[in-house]
Amino acid sequence: MATPATPAAPRTNRLGLSVVEYKGAKSTLCAGCGHNAISERILEAMYEMGVPPERVAKLSGIGCSSKSPAYFMSRSHAFNALHGRMPSVATGAVLANRELLALGVSGDGDTASIGIGQFVHLMRRNLPILYVVENNGVYGLTKGQFSATADLGAKLKTGVQNDLPAIDLCTLAIQLGATFVGRSFSGDKRQLSAMLRAALAHRGTAMLDVVSPCVTFNDHEGSTKSYAYMKEHDVPLHELQFVPAFEDLAVEYDPGTTVDVTMHDGSHLRLRKLEEGYDPRDRGRAMSRLVEAQAGGDVLTGVLFVDAKAPSLVDLLNLVDAPLATLPAEAVRPPREVLDALMDALR
Amino acid sequence: MASPDSSVAPLPAARPDGGARVNDFSIQVATANGSGSQSSNTVLLRAIFQMGVPVSGKNLFPSNIAGLPTWYTIRASRDGWIARKKEVDLLVAMNPETARDDVLGLSAGAAVVYDAPLALAELRPDLVYYPVAFDALVEPLTKEPKLRRLLRNMAYVGVLARLLDLDLGEVEHAIEKQFPGKPRARDLNVAAARAGFDHAATLEKRDPLVVRRMDRTAGKILVDGNAAAAMGALFAGVTVVAWYPITPSSSLVETLIGHLRRYRIGPDGKATFAVVQAEDELAAVGMAIGAGWAGARAMTATAGPGVSLMSEFAGLAYYAEIPAVIFDVQRVGPSTGLPTRTAQGDVLSTAFLSHGDTRHVLLFPGSVEECFTMGVDAFDLAERLQTPVFVMTDLDLGMNVWMSDPFPYPARPLDRGKVLGKDDLDRLGGFARYADVDGDGIGWRTLPGTPHPKAAYFTRGTGHDEQAAYSEDPRTFERNLARLEKKLDGARDLLPAPVREGSGEAKLGLLAYGSSDPALREARDQLRREAGLDSDYLRVRAYPFSREVREFVEAHERVYVVEQNRDGQLAALLKLDLPAALVPRLRPVPHLDGLPLDARTVSDAIRAEEAR
């Protein structure tokens, strides 16, 4: 007779939290939606990196993608803001409390169409934020209109063809001065996970454009954002390995075949080259390679550009270490003598 | 065309009082924009102020960097009236483009100091002319033509000092204040003022206007409303400022940035504030709302076009219940047109800014001192009420210089509103973000980053239940709207109360707000003295209205609602608030020419109505 087995202690991260502590409400998106897979990857990355859920602020705009923060990490504050205007809300929140880890979740309509203005300025400010675009090239909640990332020649289910060129968010972000730009595919679990973990270690704007097929409105023949299209046209630039600072593993690598990027927190992003000559620290080369790929119908994936040393907006503003939001009154209201001096100067 | 004889033009008709007019006149200076006249006019204003005489200045300027005509009016009033006065007693005509019209618009007997080549004395015989060859006056002072153009304007200050019997020492002191730390500019300007002063000794004084020392400005300050509001924000402990430049609000934030850099950076160089110049007003208010959500005292400043762009965010903040302070320095109209002219044109649209059943808290400062005190209070109210608060100033208040008592240091500690921290959550075991636990319609909130597993909630627009969970349930939505209404209704008792003047016995009520106040007080005096009309006056200081507003209307047969807009925007809000039987008592008095309100406009309109 076997003795009753003690249930195995659940696996926990370095904070002692199990992955359950990172779960959210049940998703109301369509079964098979790429966004659900991305939500899973995000919560896994947060769990594996040992990010306290309470430190995270989930911010989103409007659309299917922007609903998804409800479906992971219920222990984090969240703000479902206005269509295309999440970057400004995120900027305010991070400046109010620099200790927050801001996670922006947006879509292609929310970012590239209505929100392109705020996106552009977010990229050039280098606000510390992980900004994920769940890119399916189509509006879901309004039932299947093209967005500004729809590729030239792509077809809607109704047969309508897109005659306008796509906005490539990665090329744009690199040109604007973004400091961590990656592209991945919701179906590539390994690549996306490593990329998310590296992005979490980045201090500045990490913009990830993740192709995330819409199974209801844009997964058909003729779509360029479908599972089938991505299987054929996904061109990974490198194999990603992420070594977090807390693991402290001295893994050997060959500098001839692997680019090693030391992140702000001391962790390492290692990119084993699949394409000769591609260096993600070369802004100009990254842009020209992206333009080439786009012309050829290829979807380049991987960490396209990284600059781990550029100062973030919080650095540039030289903020005090404590969150501005909770500074005590004596730190923010000058004393009576200051008002007296100001009044004297006006007499 | 210049005629040296013009200085001995025929004397105007004998003045009624036959004597001097002491400390009671208005000066209008007509120049070209960008010619340095702003400094000269400020010096003139300050010199009169330093003589102890109540004074006010109005800058009527174009939307332009340089070249277009601009006028500055200075009013000295021994009785302390500081509203704009329409009648011009002394014109300084420096701008060839407008000189003719400026002269033709004067009343008989007015005095004109003018640039001699303009030969204005030929235009009409019933004025007193003082031609001055300004180019010749400043020619010895510098060789630089650009500087000469600027110094011409300081020379007229010297001329006026002599004509008005202003103490030259006060002028020099004012110049020193105008150019702190710039000894060369100071010396040149002093020399120009002296040149004008000396030259004017050759002019025969033939107008009655004089300044005599008084003691009515002792201890007072001179400041514009934007600078006052900036100090309000500073002493409110603002921490996040997001803005987009727009006339007439830009100087508010620019002044604030100067103060923050001076007073809120520690010895280690670290700042207790963040300022971001946003890409547009949508982003500016979005940043303020994001910061308010995360617990900062956050603000933006803008004008009507910016408020329009902030509309959707204002509605979101109303429903999500997020504090933010928005200074609206009102101006005329959208797009080009009269962006540098004043109005109270955003009242109605801002009260209901956004779509759905939104309603916002508005504060109406009526003086520069209230720009300061309400600038402080707005942050307390926003956090207490968890909603955007709009401080509705205008170009007249914001950009013109006003005499004021010094501002009082805030008497109350910061009110950070209902915020639960980790210890509270430990004690309570959790919370419901939008539950009305205190019966005032205001829920408790937590700030992102609060280290407690029950601290988080999901912030979204209209569709949420008490736990902040997504809900489209009709009853839940109705209950939420009713609670928001209760919260706004309760705000009436927290907002600045109206200010009453008068015995309370008059049949006639006057009701106004904001920068109209000085004109209203003077108009009451005119109505009483000139027409025997007694009136009571209620100055509204906030929306939603205090319960006192209804009492005031109930107590008066006719209530004239004076506003600087065409359609009676505040009157429209009153009509929504008051019982139907009281509505016919409201009589709108519109003022809509883009110029600061003057008393005569108000008293004439009311006298005409009362005579019907």
I'd like to verify a number: residues in the range B:496-522 that are buried (at least 24 other Cβ atoms within 10 Å of the Cβ), among the hydrophobic types (A, V, I, L, M, F, W, C) and touching a Ser or Thr at 6+ places or on another chain (Cβ under 8 Å), how many? 2
Taking the condition within 23 Å of B:PHE458 (Cβ to Cβ), away from chain B (no Cβ under 14 Å) and hydroxyl-bearing (Ser, Thr, Tyr), does A:THR142 pass? yes
Looking at (1) touching a residue at least 40 places away in the same chain (Cβ under 8 Å); (2) more than 7 Å from every other protein chain (Cβ to nearest Cβ), which one does A:ASP340 not meet, given that it meets all the others? (1)
Does B:ARG460 qualify as being more than 14 Å from chain A (Cβ to nearest Cβ) and out of contact with any Pro (no Cβ under 9 Å at 6 or more places or on another chain)? no
Given (1) facing chain A (nearest Cβ under 7 Å); (2) more than 13 Å from B:TRP243 (Cβ to Cβ); (3) touching a Pro at 6+ places or on another chain (Cβ under 9 Å), identify the lone condition not met by B:SER308. (1)
If you scan the range B:463-481, which residues turn out to be surrounded by 17 or more Cβ atoms within 10 Å (Cβ to Cβ) and either among the polar types (S, T, N, Q) or assigned to a loop (DSSP other than H, G, I, E, B) (or both)? B:ASP465, B:GLU466, B:ALA468, B:ALA469, B:SER471, B:ASN480
Is it the case that the range B:557-572 has a residue that's surrounded by fewer than 19 Cβ atoms within 10 Å (Cβ to Cβ), outside the structural domain of B:GLU370 (by TED's automatic domain parsing) and over 26 Å from the mean Cα position of the chain (by Cα)? yes
Within the range B:116-125, is even one residue surrounded by 15 or more Cβ atoms within 10 Å (Cβ to Cβ) and either among the polar types (S, T, N, Q) or under 23 Å from B:ALA76 (Cα atoms) (or both)? no
Within the group B:ALA296, B:ALA314, B:ALA288, B:ALA230, which residue is under 22 Å from B:THR459 (Cβ atoms), more than 8 Å from chain A (Cβ to nearest Cβ) and not in a strand (DSSP E or B)? B:ALA314
Please go through the range B:264-285 and pick out each residue that is over 22 Å from B:ALA230 (Cβ atoms), within 7 Å of chain A (Cβ to nearest Cβ) and of a type outside the set (D, E, K, R). B:GLY269, B:LEU282
Between a first residue in the range B:32-51 that is hydrophobic (A, V, I, L, M, F, W, C) and a second residue that is surrounded by fewer than 21 Cβ atoms within 10 Å (Cβ to Cβ) and part of a helix (DSSP H, G or I), which pairs have beta carbons less than 7 Å apart while being 6 or more apart in sequence or on different chains? B:VAL43/B:GLN178; B:ALA47/B:GLU170; B:MET51/B:GLU170
Got a number for residues in the range B:233-263 being at the interface with chain A (Cβ under 7 Å from one of its Cβ atoms) and assigned to a loop (DSSP other than H, G, I, E, B)? 2
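Looking for whichever is outside the structural domain of B:SER40 (by TED's automatic domain parsing) and surrounded by fewer than 16 Cβ atoms within 10 Å (Cβ to Cβ) here; the options are B:GLY237, B:GLY258, B:GLY232. Which one fits?
Going through B:GLY237, B:GLY258, B:GLY232 in turn, just one is outside the structural domain of B:SER40 (by TED's automatic domain parsing) and surrounded by fewer than 16 Cβ atoms within 10 Å (Cβ to Cβ): B:GLY258.
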Of all residues in the range B:346-379, which are in contact with a His (Cβ under 8 Å, 6 or more places away or on another chain) and farther than 23 Å from B:VAL241 by Cβ? B:ALA351, B:PHE352
Could you please let me know if B:PHE327 is of a type outside the set (Ser, Thr, Tyr) and within 11 Å of chain A (Cβ to nearest Cβ)? no
Kindly provide the set of residues from the range B:287-320 that are surrounded by fewer than 24 Cβ atoms within 10 Å (Cβ to Cβ) and not small (Gly, Ala, Ser), ordered by number. B:PRO305, B:VAL307, B:LEU309, B:GLU312, B:TYR319
Can you tell which of B:LEU338, B:LEU353, B:LEU363, B:LEU316 is under 24 Å from B:ASN59 (Cβ atoms), in the same structural domain as B:THR247 (by TED's automatic domain parsing) and not aromatic (Phe, Trp, Tyr)? B:LEU338
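The values are calculated or read from the model by the stated rules, or taken from the named source; none is laboratory data. All figures in this text were calculated on a predicted structure; none of them were measured in a lab. Methodologically, a virtual Cβ is constructed for each residue, glycine included, from the backbone with ideal geometry; neighbour enumeration extends over all protein chains shown.
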